Amino acid sequence: MDRATFACSTAFFRDFGNSSPGALPGGHVDFIDKADSFTYSDFFRDYLIPNHPCIFSAKFTEDWGSRKNWVTWDGKPNFEHLLQNFGEAVVPVANCDVKEYNSNPKEQLPFKEYVEYWREYIRNGYRSPRGCLYLKDWHLSRAFPEHDVYTTPVYFSSDWLNEYWDAVAVDDFRFVYMGPKGSWTPFHADVFRSYSWSANVCGRKKWLLYPAGQEEFLKDRLGNLPFDVTAPDLRDKRIYPRYSQSQPPLEILQEAGEIVFIPSGWHHQVHNLEDTISINHNWVNGCNVAVMWCFLQDELAAVQREISQWKDPMDDWHLQCQLIMKSCTGIDYKEFYNFLKVIEENRISVLEKGLDEESSSQNNSKAAISTLGMLHAVFDLKRTVKVLSSLSANEDFRRLDLTSLSPSPEALLQHLESAIDTALL
């Protein structure tokens, strides 16, 4: 991050607080063609801060191992190569033809069985009594770290979600998707209202994007979001009374090799127009961590409303609300505190000790910070202070037993503010 971008980002978040959720002016999605002339600061200033989508050309992925080895000469999935390398893996597969709780039911299948199904599905004219099966949310990089699959573009390297989950060695938000023509993902927003980036290794996708806030006009009378935003039912005012107030979605046709950047909090629906393989990351950083925090507060409020009748007779009602929220979203307030603490510790370590080549080579997060620079570490700390201050003052957080947190929220805030002051001297 250069000084001009640091000053721009500091001014933006001082004036507006959170990343802007507004609609894209003119409805135009920029296409970034040249990798050698588009900098991280360009992306940060023009897309991360204003929270606008964009498309990166296939030039940004042309050196990936997956683009070279997973694809045949005519642009189709290289099933033989994939089977040779991953055939014994067990993968999550969704049935696109079945609706279950506004999503698709999943099962675990051996990868070789899924490829056998896929080949037969193609031979039968993209029909099967088993339905349209879509391999989704496969943690391939975690399961096969030795394989040369892809390199995360520098534009997406400030990734707090995966930095934290790598540190606690529990999970990650790096996925591979593989599916036949006609497979699709229903209308949704990403986990924690995070950013996402999605790269087509092969195939084509159609994206329908709705800027944050537009989803309110797509809810039915009961407040439920639609499963499929292309369904004719949405035009029935008796069911969807506010649909006519919604803007048409932004439509993106994503070609092989291209990367789509999805802004934080934008709902979307995705259709595979051909047999398609893609790589996807969900990620949070200093630009949208406040959006994540707002989402968690909304989720807790929804849980509290749902079990409000048990508040008086249940002694540990507030704790139970946290447990339910974690079971639904994957995180509670105390873990969110630890999430912020890990980011803080990594950034302060960089500012206090600097970056030596050996430690950076052994730590992906330090390597990313090294690439992005010291001013980015300061920016991250300033955003952490903002959100941690809000969390520490939150009534529901303060009701919890915080004695297990080390350091205390107050001590952590003091350390953060001191580190920022020292860095800016």
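The values are calculated or read from the model by the stated rules, or taken from the named source; none is laboratory data. Everything numeric in this text was worked out from a predicted model, so none of it was measured. Cβ sites come from the backbone with ideal geometry, for glycine too, and all protein chains shown count toward neighbours.
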Breaking point among (1) buried (at least 20 other Cβ atoms within 10 Å of the Cβ); (2) without any contact (Cβ under 8 Å) to a residue 40 or more places away in the chain; (3) among the polar types (S, T, N, Q), for Ser196: (2)
Within the stretch 244-262, identify whether any single residue is surrounded by 17 or more Cβ atoms within 10 Å (Cβ to Cβ) and under 24 Å from Phe336 (Cβ atoms), and answer yes or no. yes
Looking at Arg142, Arg174, Arg127 in this structure, which one is more than 22 Å from Phe192 (Cα to Cα) and among the charged types (D, E, K, R)? Arg127
As an exercise: evaluate Val98 against (1) assigned to a loop (DSSP other than H, G, I, E, B); (2) touching a strand residue (DSSP E or B) at 6+ places or on another chain (Cβ under 6 Å) and give the number of the one condition it does not meet. (2)
The residue that is surrounded by the most Cβ atoms within 10 Å (Cβ to Cβ), considering only those in the stretch 140-153 that are without any contact (Cβ under 8 Å) to a residue 40 or more places away in the chain and out of contact with any Asp or Glu (no Cβ under 6 Å at 6 or more places or on another chain), is Ser141
For the stretch 333-350, check the following and say yes or no: at least one residue is assigned by TED's automatic domain parsing to the domain that holds Cys294, modelled with pLDDT under 95, out of contact with any helix residue (DSSP H, G or I) (no Cβ under 7 Å at 6 or more places or on another chain) and closer than 21 Å to Phe12 by Cα. no
Among the residues of the stretch 76-107, write down those that are out of contact with any Phe, Trp or Tyr (no Cβ under 8 Å at 6 or more places or on another chain), over 20 Å from Pro186 (Cβ atoms) and loosely packed, with under 14 Cβ neighbours inside 10 Å. Glu80, Gln84
If the Cβ limit is 7 Å and pairs must be 6+ apart or interchain, which residue in the stretch 154-168 that is assigned by TED's automatic domain parsing to the domain that holds Asp42 pairs with which residue that is acidic (Asp, Glu)? Asn162/Asp172; Trp165/Asp171; Trp165/Asp172; Asp166/Asp172
Find the residue count for the stretch 401-425, including only residues that are farther than 27 Å from Glu352 by Cα and either under 28 Å from the mean Cα position of the chain (by Cα) or modelled with pLDDT under 90 (or both). 0
Name the strands (runs of 3 or more DSSP E) wholly inside the stretch 159-238 in which the number of residues that are within 30 Å of Leu381 (Cβ to Cβ) and touching a Ser or Thr at 6+ places or on another chain (Cβ under 9 Å) is 2 or more. 174-179, 195-202
Of the conditions (1) part of a helix (DSSP H, G or I); (2) closer than 14 Å to Tyr177 by Cα, Glu113 satisfies every one except a single condition; which number is it? (2)
Going through the stretch 201-243 in order, the residues found to be over 30 Å from Pro153 (Cα atoms) and either surrounded by 20 or more Cβ atoms within 10 Å (Cβ to Cβ) or among the aliphatic types (A, V, I, L, M) (or both) are Leu218, Leu222, Leu225, Pro226, Val229, Ala231, Leu234, Ile239, Tyr240
